[in-house]
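What follows is a short report on a single structure.
Bear in mind that the values in this text are calculations on the coordinates, not laboratory data. Worth saying up front: this structure is predicted, and the values here are computed from it rather than measured. With ideal geometry, Cβ positions are generated from the backbone for all residues, glycine too; neighbour counts draw on all protein chains shown.
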Amino acid sequence: MEKASISRRKFLKNLGLAGAGVLMASSPWLSAFAESDKTSRYKVKIGIIGPGSRGQFLMSFLTKNPKADIVALCDIYQPSIDEALKLAPKARVYRDYRALLDDPNVDAVVITTPLDRHYEMAMAALDAGKDLFCEKTLCYTLAQCYEVYQKHISTGRILFVGQQRLFDPRYITVMKMIHDGTFGSINAIRAYWYRNNNWRREAPPELDELRNWRLYKQHSKGLMTELACHQLQTGTWALRQIPNKVMGHGAITYWKDGRTVYDNISCIYVFDSGVKMTYDSVISNKFYGLEEKILGSKGTVEPEKGKYYFEETEPAAAFVRLINDIEHDIFDAVPFAGTSWEPESANENKGEYILGKSPKEDGTSLMLEAFVEAVISQKQPERVTEEAYYSSALSLLGHQALEEERVVTFPDEYKLNYLNHVHNPILK
Amino acid sequence: MKDIVITKRRIKVELYIFLACVAAMELLNVYAIVVEDGKWSELFMSLGYVCVAAAVVYVTLAVVRLAVGLVWHRFAKGRNKKKAS
């Protein structure tokens, strides 16, 4: 496995050369870049609906892309418009997203609004013939996600959802290794995201709900839709399976400040094979940060850290082992039982970097480049929407399990014909 | 203050002792490769460990030799005194 550091450009270049076919087997959505050499004279005119902090973050990449031009902005919060105009000074400003969608000068829209607004805006955008990039989670309910997916199919418009890990070179590279069996059989995934802040933004009382929409159930499903959505997708990507059951519990244990979404959640997703993916999030301790630990019989992957670890490492030199054996013979106490009672101590091997060095960026930039390429070529990259649909669906089902405190099974009527799932329209 | 003179012979002897330690540790390395099922390339790859182990053995030997020397020196001195009286 080549471990040389791979820059974004080099990574793209590799896709066009030897790496393309190999990596696309694991990450077929990379086909979005297949024609990138032939699209340099095209420019996609993009409208941003909801250019708040996340919207501006995405704009910072789009403004650097010579194939993208931000021509319109829409928001009801003036400070967001003012900030966004600094990034795209020539953009027209709208107060109503429907007016932006009526603008024939806009080819594609990016939706970065509160979650509960995604559905109506996404449906309207696809109906208006615009290609769509919608931030995750796709919609507020599973039924809405399914409708938007069906609308994308029926209109034939491009649909991307903000699952940047799908375009992160670390994840792409290590998923290929996982699918090749490098880490053996994957039997467990432990995903978590820990923070230590109240997740609240400064806002006058009358704007609190607007600014802090993530904290209120009527606008968001909290940690499941804002954080878990990204990480659950890693599990389905690694296992190439969709879990069919989820159970869990959620509570407000620390930030009792009027919010209505949980600040402490724990879920278990169960795959048909019995493999489990756990998800935890607590926002009153950040010691462990975030990670998706993928546990294989031959090794462990920590893609966020950008590292993997093999169970069996190269043994120490024979001379050192002999000295250690002598030392143990002299100093160790004689066990009066077998060694099976000894606890397994955590493996302390330092592992290897997936890309040969510490990660510096996620896949956001490449994801937006892929979206622009797809809009120009009018070719929906394979599986990118299905992966995103299921990450949204799993986070919403997880939230349902937390709310109802029961085991929730994936409803047949919302399954797509994808991986181990078969859609059953009769049950709808 | 009295100068300490290290003779050429002493340096030679110490060098031989150290080389003997290295040789003994390298032999132990061969034994380890056989017993622990190591690779023969470790004969060279583990030279660093061998040298460190040789240095440890050499220093240990030096301490023992020094202690024996001191005891011997004292014993010899006492015998000479007895003879003189």
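The HN-Hα couplings worked out from phi for segment A:282-288 by the Karplus form 6.51 cos²θ - 1.76 cosθ + 1.60 (θ = phi - 60°) are 9, 10, 10, 7, 10, 3, 8 Hz, whole numbers, x standing for Gly and Pro. In angstrom, the C-alpha Rg and Dmax of segment A:121-184 are 15.4, 47. Among A:38-44, A:288-294, the peptide with the highest mean count of other Cβ atoms within 10 Å heads the list, and the full ranking is A:288-294, A:38-44.
Sum -39500 (n - 2.57) across every DSSP H segment of at least 4 residues in chain A, then divide by the residue count to get the 222 nm mean residue ellipticity, nearest 500.
On the way: 13 runs with 142 residues, N = 428.
That comes out to -10000 deg cm²/dmol.
This ranking places A:Met367, A:Met277 by how few other beta-carbon atoms lie within 10 Å of each, fewest first, which gives A:Met367, A:Met277.
Which residue fluctuates most in the GNM of chain B (Cα springs below 10 Å): B:Leu66, B:Leu19, B:Leu47? Judging by the Gaussian network model, the answer is B:Leu66. Spin-label model, B:Trp40 to A:Glu382: label points 7 Å out along the Cα-to-beta-carbon direction sit 5.0 nm apart. A simple rule links phi to the HN-Hα coupling: the Karplus curve 6.51 cos²θ - 1.76 cosθ + 1.60 with θ = phi - 60°, which for segment A:214-223 gives 5, 8, 10, 4, 6, 10, 8, 10, x, 4 Hz, with x for Gly and Pro. The mean sequence separation of alpha-carbon pairs under 8 Å and at least six residues apart, normalised by the residue count of segment B:8-84, gives a relative contact order of 33 percent. At an R0 of 22 angstrom, the distance between the Cβ atoms of B:Ala55 and A:Glu327 translates into a FRET efficiency of 0.80. Each part gets one Cα centre, and for segment A:155-227 versus segment B:1-43 those centres are 60 Å apart. With the charge dipole of chain A set up from +1 on Lys and Arg Cβ and -1 on Asp and Glu Cβ about the Cα centre, the Cα lying farthest toward the positive end among the listed residues A:Leu115, A:Tyr309, A:Ala238 is that of A:Leu115. With a cut-off of 11 Å between beta carbons, the residues surrounding A:Phe371 carry a summed charge of -2, where Lys and Arg count +1 and Asp and Glu -1. Taking every residue in B:39-47 and counting other chain Cβ atoms within 10 Å of its Cβ, the average works out to 2.
Stokes-Einstein diffusion coefficient for segment A:67-114 at 4 °C in a medium of 1.567 mPa s, Rh from the Kirkwood formula over Cα pairs: what value in µm²/s?
117 µm²/s
Can you give the alpha-carbon Rg of segment A:204-317 over 2.2 N^0.38 Å, where N counts its residues?
Dividing the Cα radius of gyration by 2.2 N^0.38 Å gives 1.33.
The residues A:Arg117, A:Arg214, when put in order of fewest to most other Cβ atoms within 10 Å, stand as A:Arg117, A:Arg214. Neighbouring Cβ atoms from other chains, within 10 Å of the Cβ of residues in B:29-36, number 5 on average. Cα extents for segment B:8-84 along the principal axes, largest to smallest and rounded to whole angstrom: 63, 27, 14.
What's the FRET efficiency of A:Asp82 with A:Leu419 using the Cβ-Cβ distance as r and R₀ = 30 Å, to the nearest 0.05?
The computed FRET efficiency comes out at 0.10.
Once the Cα atoms are used to define both axes, helix B:8-35 deviates from the longest principal axis of chain B by about 30 degrees. With R₀ set to 41 Å, the beta-carbon distance separating A:Thr182 from A:Asp272 gives a calculated FRET efficiency near 0.95.
For all pairs of alpha-carbon atoms in chain A, what percent lies in each bin of width 10 Å, listed from the first bin to the last filled one? Values per bin, smallest distances first: 4, 20, 29, 26, 13, 4, 3, 1, 0. The listed peptides B:53-65, A:370-382, A:320-332, ordered by packing as a protection proxy, come out as A:370-382, B:53-65, A:320-332 (highest mean of other Cβ atoms within 10 Å first).
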